[in-house]
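One structure, pasted below without further comment.
The values are calculated or read from the model by the stated rules, or taken from the named source; none is laboratory data. Remember, predicted model here, so these are calculated numbers, not experimental data. Heads up, the Cβs are rebuilt from the backbone with ideal geometry, glycines too, and the neighbour counts pull from every protein chain shown. Accessible surface is based on the protein model in full, side chains and every heavy atom, while ligands, DNA and RNA are left aside. Shrake-Rupley method; radii C 1.70, N 1.55, O 1.52, S 1.80 Å.
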Amino acid sequence: MVEQSPDAAPLPPADEAVPPAMIKADLAAGLFFVVLAAATLFGSWTMDRLEARRINPMTAPGLVPGLLSAALLVCGVILTLRSLRTPAPEGWRDLGRAIVSSGAQRAGAVLVLTLVYSLVLVGLLPFWLATGVFVFAFVLVFEAWLAAPRHPLLRTLPWAFGLAVVTAAVVTLVFERLFLVRLP
């Protein structure tokens, strides 16, 4: 049995113990949320309140973002303090190994592809073409590069191209014709 001081928080049972990497991940996430919430709170506080137009202060544009960022700030501080109080030997090393794992590479690839699609391709290219390029790249990355086992590139190219054409056509037609959405 593990001895601990009377004023320390009780230790969780061994099967419920949080891995050290997760404790350090909580610390990094908590600090990120604190910074994000503080920036958002500052932005909502300095946002025009529209007093010149006699707008009710309860309907000011920065009210809801300010309240949400205040709540996020509290949660970020709690997460940060909790992770600072919990011992995590070898936590940073374990977190580093988790970040470079194949699962993290796949999540990072999804993030990069999605951001390129939404922030670069849509608006630069017609919607149908941006969607087709996104699907084509997505299939290539996950079938020929990050798949285990990897599929041959020459066999993946026609599959990716066909899927991209069909997906781009169906998505564009459904949104424009069925849902009557004007696409960029």
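Would you mind computing, in nm to one decimal, how far apart the modelled labels at VAL112 and VAL77 are, each placed 7 Å from Cα along Cα→Cβ?
With each label point 7 Å from Cα toward Cβ, the separation is 3.8 nm.
Which of ALA25, ALA71, ALA98 ends up with the largest GNM mean-square fluctuation for the chain, with Cα atoms connected below 10 Å?
ALA71
Let me ask something additional. Counting only trypsin sites (Lys or Arg not before Pro) that sit in a DSSP loop (anything but H, G, I, E, B) with at most 11 other Cβ atoms within 10 Å, what is the longest stretch of the chain containing none of them?
55-149
With a sphere of radius 14 Å drawn around the Cβ of THR80, what net charge do the other residues whose Cβ falls strictly inside it have (Lys, Arg +1; Asp, Glu -1)?
+2
Placing +1 at every Lys and Arg Cβ and -1 at every Asp and Glu Cβ, with all other atoms neutral, what dipole size does region 19-103 have around its Cα centre, in debye to the nearest 20?
Computed about the Cα centre, the dipole is about 60 debye.
If contacts are Cα pairs under 8 angstrom and at least 6 residues apart, what is the relative contact order of the chain in percent?
Normalised by residue count, the contact order of the chain is 20 percent.
Same structure again: Measuring from label point to label point, each 7 Å out along Cα→Cβ, what is the LEU36 to ALA147 span in nm?
3.3 nm
Which residues make up the longest stretch of the chain clear of GluC sites (Glu not before Pro) that lie in a DSSP loop with no more than 16 other Cβ atoms within 10 Å, not counting the sites?
Excluding the exposed sites themselves, the longest stretch runs over 91-184.
Once you have the Cα-Cα distance between LEU129 and ASN56, take 0.36 nm times their residue separation minus that, and quote the gain in nm to one decimal.
21.8 nm
Round to a whole number: what % of the accessible area of the chain belongs to carbon and sulfur, probe 1.4 Å?
It is 73 percent, rounded to a whole number.
Among ASP48, ASP94, ASP26, which one shows the biggest mean-square fluctuation in a GNM of the chain, springs joining Cα atoms closer than 10 Å?
Looking only at ASP48, ASP94, ASP26, the biggest GNM fluctuation is shown by ASP48.
Write down the accessible area per residue of the chain in Å², having rolled a 1.4 Å probe over the full set of protein chains.
72 Å²
Separate question: Go through region 80-180 and name the chymotrypsin sites (Phe, Trp or Tyr not before Pro) that are in a DSSP coil and have 10 or fewer other Cβ atoms within 10 Å of their Cβ.
PHE179
For the chain, modelled as a Gaussian network with Cα springs under 10 Å, which listed residue fluctuates most, LEU50, LEU81, LEU113?
Comparing LEU50, LEU81, LEU113 in the GNM, the peak value goes to LEU50.
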